[in-house]
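Heads up: the structure comes next, in structure tokens.
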Amino acid sequence: MNEHLKPVYLEEKLDEIRADGHQDYRSKAIPTWCPGCGYYSMTEGFTMALNRLGIEPENTVVVSGIGCASRFPFFVNTYGFHTLHGRTLPVATGIKQANDALTVVAVGGDGDAFAIGAGHIPHAARRNVDITYLVFDNGIYGLTKGQASPTSAVGFKTPTTPYDNCDQPLNPLMMLLSYRASWVGQAYAGRPHHLADMIAEAMAHRGFSYLHILSPCVTFDKTDMTYANLDVGVRDLPGDHDRTDLLAAMAQVEAKEAPALGVFFEEGRPTLGDAMIETIRRAGGQAA
Ligand SMILES: Cc1ncc(C[n+]2csc(CCOP(=O)(O)OP(=O)(O)O)c2C)c(N)n1
Ligand SMILES: [Mg+2]
């Protein structure tokens, strides 16, 4: 195993971290991400959100695929499942259906979510599986050293696109809205307090909540999704944005202005768990 990727267990470091009041949710593993990686805001945001919502670690499962973002389950003191590349959502769905009392959070990168795993997104969204999906988008395959991903911009130069990327990026927010995910939001790793608020809100939603997090890869992207560019390149959703209006949400995604942060869309509707209980009732059985 690459020494750099090996979790480091340091009790004294952990005591230092626990002094900030997040003692219940940190694991003993020190994150292995590069210094400056946007993913550090994930541990902060997630532990703050769990603290705020009072969710017990023993009732929480974090599921991930493969990639730098997908290392996340190692760094929190919940149950964790580091699955196959792109298979985060089916595994998370199975866990939630097996035990509805659990809080299930799926985590991954743009490659895990929108390349190899993209086929699962429409179904989790349309079935309204009661889980939260946090996708950390750095526009790159970070773990495998910086190849282009489905969210890389046209013109982006990487080892797999040495003459510039010519593929149009897909639009994650529009995709999720199109399949009517029942909660859709966007945050930026460079605004960690807002990110923590958004994670807490996504987790408090009953149904499939999707949070897209713009997150710079400081090692393999020096030109595109950098902190310098994103700091001035994002905006807040307008104060009068109606989050119950699907078309207004789509209009905000398509707006010519900078990418917006906030909650684009939210609606309450039956979850997959509700549908299964109803199916069991119609079949004359008894739901557990
Ligand atoms: C089946 C399979 N195909 C390809 C790979 C190689 N691989 C590992 S991680 C990864 C992409 C990760 O990118 P992303 O999900 O954006 O995560 P990041 O590292 O950027 O956080 C790829 C292609 C793999 N592990 N398994
Ligand atoms: Mg990535």
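Here is how the numbers come out for the structure above:
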read-out: Stretch gain in nm, segment Glu58-Ile280, where the contour uses 0.36 nm per residue and the Cα spacing is subtracted; value: 77.1 nm
read-out: Under-5 Å amide H pairs with Phe264, H placed in peptide plane, nonlocal only; value: Val184, Gly185, Gln186
read-out: Interchain or long-range residues, amide H under 5 Å from Asn171's placed H; value: none
read-out: Global form of region 23-141, assessed from the alpha-carbon gyration tensor, a/c cut-off 1.5; value: oblate
read-out: Selection of trypsin sites (Lys or Arg not before Pro), region 115-156, meeting DSSP coil and at most 12 other Cβ within 10 Å; value: Lys145
read-out: Among Leu84, Leu50, Leu176, residue whose mean-square fluctuation peaks in a GNM of the chain (springs only between Cα atoms under 10 Å); value: Leu84
read-out: Residues whose placed amide H lies under 5 Å from that of Ala106, excluding near-sequence neighbours; value: Val63, Thr132, Tyr133, Leu134
read-out: Mean Cα-pair separation over length for region 143-246, i.e. relative contact order, pairs under 8 Å, 6 or more apart, %; value: 19 percent
read-out: Cα gyration tensor shape for region 3-282, rounded if a/c is under 1.5, else prolate or oblate; value: rounded
read-out: Accessible surface of Cys166 - all protein chains present, 1.4 Å probe, nearest 10 Å²; value: 110 Å²
read-out: Relative contact order, percent, the chain [alpha-carbon distance under 8 Å, six or more residues apart]; value: 16 percent
read-out: Cα-based Lys proximity count in the chain, under 16 Å, for pairs eight or more positions apart or on separate chains; value: 5
read-out: Rounded to whole Hz, the Karplus (6.51, -1.76, 1.60) HN-Hα couplings of region 180-194, x for glycine and proline; value: 6, 4, 7, 8, 9, x, 9, 9, 9, 4, x, 10, x, 6, 5
read-out: Accessible surface, per residue, of the chain when the full set of protein chains is kept, probe 1.4 Å, Å²; value: 46 Å²
read-out: Full-stretch length increase - Ala118, Val232 - with 0.36 nm per residue and alpha-carbon distance subtracted; value: 38.1 nm
read-out: Net dipole in debye of region 189-288 [+1 Lys, Arg Cβ; -1 Asp, Glu Cβ; about Cα centre; nearest 20]; value: 380 debye
read-out: Sparse-neighbourhood loop sites, trypsin sites (Lys or Arg not before Pro) in region 228-288 - DSSP loop, at most 12 other Cβ within 10 angstrom; value: Lys256
read-out: GNM result for the chain, Cα springs below 10 Å: residue of Asn229, Asn51, Asn77 fluctuating most strongly; value: Asn229
read-out: Rounded if a/c under 1.5, otherwise prolate or oblate - region 204-282, Cα gyration tensor axes; value: oblate
read-out: Residue-level accessible surface for Glu254, protein heavy atoms, 1.4 Å, Å²; value: 110 Å²
read-out: Pairwise FRET efficiency - Ile30 versus Lys145, Cβ, R0 = 22 Å, nearest 0.05; value: 0.50
read-out: Extension reserve of the Ala258-Leu246 stretch, reckoned as 0.36 nm per residue once the Cα distance is removed; value: 2.4 nm
read-out: DSSP-defined antiparallel bridges as percent of all bridges, the chain, nearest 5; value: 25 percent
read-out: Summed residue charge, Cβ within 9 Å of Gly139's Cβ, Lys/Arg positive, Asp/Glu negative; value: -4
read-out: For the chain, built as a Gaussian network whose Cα springs stay under 10 Å, the top-fluctuating residue of Ala187, Ala258, Ala49; value: Ala258
read-out: 3J(HN,Hα) from dihedral phi, region 219-234, Karplus parametrisation 6.51/-1.76/1.60, rounded to Hz, x for glycine, proline; value: 8, 10, 10, 9, 10, 10, 8, 8, 4, 4, 6, 6, 3, 9, x, 10
read-out: Karplus-derived 3J(HN,Hα), 6.51/-1.76/1.60, for each residue of region 126-141, Hz, glycine and proline x; value: 5, 7, 6, 5, 7, 9, 10, 10, 9, 10, 8, 9, 10, x, 7, 8
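The values are calculated or read from the model by the stated rules, or taken from the named source; none is laboratory data. Being a predicted model, the structure only gives us computed values, none of them experimental. Note that we place each Cβ from the backbone using ideal geometry, even for glycine, and neighbour counts take in every protein chain shown. What goes into the accessible areas is simple: the full protein's heavy atoms, side chains included, and nothing from ligands, DNA or RNA. Shrake-Rupley method; radii C 1.70, N 1.55, O 1.52, S 1.80 Å.
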